[in-house]
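Below is one structure, written out as structure tokens; the observations come after it.
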Amino acid sequence: MDLSVILVNYKGPALLLDCIESIYRETTHVSFEIIVVDNFSEDESERIVLQKFPGVVWVAMTYNSGFARANNAGIKIANGNFILLLNSDTIILENAIEKTILLLEEHREISACGVQLLNIDGSSQISGATNVKGGLNNTLIPLPYLGSLVRYIGYKAGAKKPSIEKIEEMVYVDWVIGAFLLTKRNVIDKAGLLDEEFFMYSEEMEWCSRLQRSGKLCLFEGPKVIHLQGGSSNEFYNIMEKENSKGIWNRKGRQIILSNLLRIKKQFGNGWFLINLFLYIIEIPVFFFGLLFDKIFANKKEHYSWKSFFSYSANIMAQLKYTATIFRSKPFFYKIL
């Protein structure tokens, strides 16, 4: 078996059908299997998918295990020499999987790679990123007011733009977006599986730091894949597409912040974990006074609201009960309900 494609499903049979159909249509010159790991959807997903694609291997989890644990369940039974983690809200274009395998075979120094992700209108989408020391730029730029200061200081200090959106031929990165992440079985054998303490978000960033021990990571320009963004997570968090951004004041944002902090601790240590947590907390008064100034003096379209402020503050307060557990590296499943 050349390739194992692993898809995680949560109440998304329509997206899943479109994704699987595109895999079969655009992948004809390599032998492959498709493994769907269902995160306890409790719907008709299995019947709907297997009725149309009986060759799919279906793995049913007994609870919503998130991204890392579900992908690991698929990896454990995969038979392919190449392993592709693929989001169910993606559409494969123009033999993208086959092209990526050929490029990965050609570049022996690469241990894992991603491709150019596209929005539905064909515009480029962030496909991977480079790390800034301590993860500061990666995690703090979305902050409403403090994020702009962090970005300014980082660039003045010579930091490169962390997010890679438009790829030029091939670019080296520190982590690849988990929507399309191709690696090799022997690399996983050395790096280990995804960290199962993560429920959702940032787990691929931590995993990529271990995949790098076997070689470089990169993004290839040629293969292209449409990524609809947030398909299953939007369903789980019950949010609209317009809310599926870097907003950190909704329920999804609460999980994103927790996963960011957990990843910082695991990748950079307790010191950088505490620095990031401190800056998240400091953003609360900065947010308050910045918003107050805008309301009174700024003569421009408002980007934030008092509802956003109070929701953000509640999200940060929710992080504090996990601080000691993260700091002490106590085994835990970091899932906020």
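The values are calculated or read from the model by the stated rules, or taken from the named source; none is laboratory data. Keep in mind that this is a model prediction, so the values were computed, not measured. Here the Cβ is made from the backbone with ideal geometry for all residues, glycine too, and neighbour counts use every protein chain on show.
Is segment 154-170 home to any residue that is modelled with pLDDT of 95 or more and assigned to a helix (DSSP H, G or I)?
The answer is no; no qualifying residue exists.
So which residues in segment 318-337 are surrounded by 12 or more Cβ atoms within 10 Å (Cβ to Cβ) and part of a helix (DSSP H, G or I)?
Ala318, Gln319, Tyr322, Thr323, Thr325, Ile326, Phe327
Taking segment 94-107 on its own, how many of its residues are on the phi < 0 side of the Ramachandran plot, surrounded by fewer than 19 Cβ atoms within 10 Å (Cβ to Cβ) and in contact (Cβ under 8 Å) with a residue 12 or more places away in the chain?
Final tally of qualifying residues: 2.
For the subset of segment 266-315 comprising residues that are among the aliphatic types (A, V, I, L, M) and crowded, with 18+ Cβ neighbours inside 10 Å, which member is farthest from Leu337 (Cα to Cα)?
So, considering only residues that are among the aliphatic types (A, V, I, L, M) and crowded, with 18+ Cβ neighbours inside 10 Å, the one farthest from Leu337 (Cα to Cα) is Leu291.
Can you run down the residue pairs with Cβ atoms below 8 Å, 6 or more apart or on separate chains, where the first is in segment 108-121 and within 19 Å of Val5 (Cβ to Cβ) and the partner is hydroxyl-bearing (Ser, Thr, Tyr) and assigned to a loop (DSSP other than H, G, I, E, B)?
Listed by first residue and then by second, the contacts come to Gly114/Ser127; Val115/Ser127; Gln116/Ser127; Leu117/Ser127.
Restrict the check to segment 228-239 and report whether at least one residue is more than 27 Å from Glu168 (Cβ to Cβ), outside any helix (DSSP H, G or I), more than 13 Å from the chain's Cα centre (by Cα) and at pLDDT below 95.
So far as segment 228-239 goes, yes, one or more of its residues are more than 27 Å from Glu168 (Cβ to Cβ), outside any helix (DSSP H, G or I), more than 13 Å from the chain's Cα centre (by Cα) and at pLDDT below 95.
Looking for something in the same structural domain as Ile83 (by TED's automatic domain parsing) and under 20 Å from the mean Cα position of the chain (by Cα) - is there at least one such residue anywhere in segment 46-65?
Taking every residue of segment 46-65 in turn, at least one turns out to be in the same structural domain as Ile83 (by TED's automatic domain parsing) and under 20 Å from the mean Cα position of the chain (by Cα).
Looking at Lys52 and the list (1) in contact with a strand residue (DSSP E or B) (Cβ under 9 Å, 6 or more places away or on another chain); (2) in contact (Cβ under 8 Å) with a residue 24 or more places away in the chain, which single condition is not satisfied?
Lys52 satisfies every listed condition except (1).
Is there a residue in segment 205-217 that is within 20 Å of Glu105 (Cβ to Cβ), of a type outside the set (Val, Ile, Thr) and assigned to a strand (DSSP E or B)?
Among the residues of segment 205-217, at least one is within 20 Å of Glu105 (Cβ to Cβ), of a type outside the set (Val, Ile, Thr) and assigned to a strand (DSSP E or B), which makes the answer yes.
Considering segment 15-39 alone, what residues qualify as being loosely packed, with under 14 Cβ neighbours inside 10 Å and not hydroxyl-bearing (Ser, Thr, Tyr)?
If the condition is that a residue be loosely packed, with under 14 Cβ neighbours inside 10 Å and not hydroxyl-bearing (Ser, Thr, Tyr), then Arg25, His29 are the ones that fit.
Report yes if Leu86 is of a type in the set (A, V, I, L, M), closer than 18 Å to Phe199 by Cα, touching a Ser or Thr at 6+ places or on another chain (Cβ under 6 Å) and in the same structural domain as Val115 (by TED's automatic domain parsing), otherwise no.
no
Could you please let me know if Asp38 is within 20 Å of the chain's Cα centre (by Cα), assigned by TED's automatic domain parsing to the domain that holds Glu94 and either farther than 15 Å from Leu84 by Cα or aromatic (Phe, Trp, Tyr) (or both)?
Yes: the conditions hold for Asp38.
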